[in-house]
Amino acid sequence: FLFINILAQAQNRYKVDKEQSQLSITGTSTLHDWEIEVNEYHGYIDILESKKGLEINGGKLSIEVESFKSGKGGMDKKVYEAMEHEDHPLIYFEYKNTIKQTTEDRDLNMIINGDLTIAGVTRNIEVEINGTFSSEKTLQFEGVKGFKMTTFNIEPPSAMFGTIKSGDKITVD
């Protein structure tokens, strides 16, 4: 019993604070570059403090597709349709393991591996992230990941009878 209690104290769950967080998606098109702000997402990361230092012990992130806002209603609607939002209203990322990690004091620099599910298609991806613990027991993570929409069987959105087309590559920041 005491051993379980010690382990529980050594692991901390950090939940996403949307007031302090930003999540966006950028891409290109035949007309101009574009950016979408993501407004609804929830998640957590479990950090284990062990003799080895700080380690990720689990984590998940879910993103609501209909919370994507570009400031252009027509574009948002095209994105929702391309992502089959009615059948797949959420995007999921689930942490699997850490591939590489360096820790210095309260800073974490790592490459993690996880499953990303978009429009019902799951792909295993690697993401480089940097994290910093503050004195208030909060954790700030940043990361950028680029990939092609077609990797998830998503046809890049188009408009004006196909004369304006989104590029296939997007970047999540």
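The values are calculated or read from the model by the stated rules, or taken from the named source; none is laboratory data. This one's a predicted model, so the numbers in the text were calculated from it and none came from an experiment. Don't worry about glycine lacking a Cβ; one is built from the backbone with ideal geometry, like all the others, and counts go over all protein chains shown. What goes into the accessible areas is simple: the full protein's heavy atoms, side chains included, and nothing from ligands, DNA or RNA. Shrake-Rupley method; radii C 1.70, N 1.55, O 1.52, S 1.80 Å.
Working from Cα pairs under 8 Å separated by at least six residues, relative contact order for the stretch 26-173 is 21 percent.
Taking all protein chains into account, the per residue accessible area for the chain stands at 64 Å² (1.4 Å probe). Extension gain, residue 72 to residue 46: 0.36 nm times the residue separation minus the Cα-Cα distance gives 5.7 nm.
Peptides 80-86, 15-21, ordered by how many other C-beta atoms sit within 10 Å of their residues on average, highest first, read 80-86, 15-21. So what's the net charge close to residue 24: Lys and Arg +1, Asp and Glu -1, counting the other residues with Cβ under 9 Å from its Cβ? Spelling it out: positives minus negatives among the neighbours equals -3. In plain terms, the bigger the Kirkwood radius, the slower the diffusion; for the chain, with that radius from Cα pairs, at 37 °C and 0.692 mPa s, Stokes-Einstein puts D at 186 µm²/s.
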